[in-house]
Amino acid sequence: MTTNNPNGRPAGKPNKTTKEVKEILKDFVNYAIDDMKTLYDDLGNRDKVTLLTRILPFVLPKVETADNDDDQLKDNRIDIFYHPSPQKAKQV
């Protein structure tokens, strides 16, 4: 990829400022984790759910929806047959 700035940051090299900010935030979270746990425990159920739904995208990878095509499902059908074992004749 070419840019108009020949002296700019090479493609693929991480932004130094972004890296520094992430490190500062990581240090802050490690420092404040106990207080954050206490604050979370004091929240109501609705606020807990709101908080979790807002932070989960930063923790979990995004999931893509899968399209189910009926024709595709027909091609991948598995037939299961049940064959009961023959019963032994009772002796009288």
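Read-outs: derived from the displayed coordinates by stated rules, not from any lab. Note that the structure is predicted; figures quoted are calculated from it, not measured. Here the Cβ is made from the backbone with ideal geometry for all residues, glycine too, and neighbour counts use every protein chain on show.
Ile24 versus Ile78, label points 7 Å from Cα toward the beta carbon: distance in nm? Result for the modelled spin labels: 5.4 nm. Length gained on full extension, Lys48 to Thr65, computed as 0.36 nm times the residue gap minus the Cα-Cα distance: 3.5 nm.
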